[in-house]
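Report on the structure given below.
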Amino acid sequence: DVKVTQSSRYLVKRTGEKVFLECVQDMDHENMFWYRQDPGLGLRLIYFSYDVKMKEKGDIPEGYSVSREKKERFSLILESASTNQTSMYLCATADDADTQYFGPGTRLTVL
Amino acid sequence: QKEVEQNSGPLSVPEGAIASLNCTYSDRGSQSFFWYRQYSGKSPELIMSIYSNGDKEDGRFTAQLNKASQYVSLLIRDSQPSDSATYLCAVKVSGSARQLTFGSGTQLTVLP
């Protein structure tokens, strides 16, 4: 079974703080993704990575950056958290058949 | 126009009935199609994938794909209250590496 873990289930941060969300997978998948999910807006792709140190912007990259130093780990960074970044953040990996497997999610609240 | 469209619902069916969930997509070159189930507060989990025209069955679930009409559907037979969730349709759009485009989901409630 594919296992995707995320560093926190719930996180509360203050406006202006730097926030790190980590995702780790154990299936040696090359492709990893970060989404945010908001009511009424569905899943929106923030960034994805197709290899170590490689990244591509998704639909809503503003205010976010990512890091992929090792194949199994993909980090999402909020450089200066704002209240409009309060959301559910979901990490996913993809296998060779394009199937995506999601982590449990991190519910981030920015006060 | 959204690339992947689903009726948001909510869709309510009685226990034991067939629930029918529909999804249309705009990219005629799409090749891979997925249905995910998402319980409230949880992350999406894969139910089925389908790649060729026709029906694909897995237990109580049947996915149907019609590329000419650009729709994919999910039938849930003998619906159970535990099937109550949001169902997300996802499509791999042509030329998009491994990215999937997700619909906004259909909320299903199975009434006991």
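Quick note: the coordinates plus some simple rules give every number you see, no bench work behind them. Being a predicted model, the structure only gives us computed values, none of them experimental. Cβ placement follows ideal geometry from the backbone for every residue including glycine, while neighbour counts extend to all protein chains displayed.
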At q = 0.11, 0.13, 0.14 Å⁻¹, work out log10 I(q)/I(0) for the protein assembly as shown with the Debye formula, treating every Cα as an identical point scatterer and leaving solvent out; two decimals please. -0.55, -0.76, -0.87
Do the alpha carbons of any pairs in A:K3/B:K42; A:K13/A:K71; A:K70/B:K92 sit beyond 19 Å of each other, and which pairs? A:K13/A:K71; A:K70/B:K92
Mean separation of Cα pairs under 8 Å and 6+ residues apart, divided by the residue count of the range A:55-111: what relative contact order is that in percent? 27 percent
Kindly put A:F33, A:F102 in sequence by how many other C-beta atoms sit within 10 Å of each C-beta, fewest to most. A:F102, A:F33
What percent do you get for the relative contact order of chain B when only Cα pairs under 8 Å and 6+ apart count? 38 percent
Whose amide H sits under 5 Å from the amide H of A:E17, counting only residues 5 or more places off or on another chain, with H placed in the peptide plane? A:A81
Between A:D28 and B:E45, what FRET efficiency follows from the Cβ-Cβ distance if R0 is 22 Å, with the result rounded to 0.05? 0.60
Hey, fewest Cβ within 10 Å first, where do A:L41, A:L11 land in order? A:L41, A:L11
Give me the distance in nm between label points sitting 7 Å out from Cα along the Cα-to-Cβ direction at B:K56 and A:K57, one decimal. 3.4 nm
Fewest to most neighbouring Cβ within 10 Å: what's the order for B:L74, A:L43, B:L11? B:L11, B:L74, A:L43
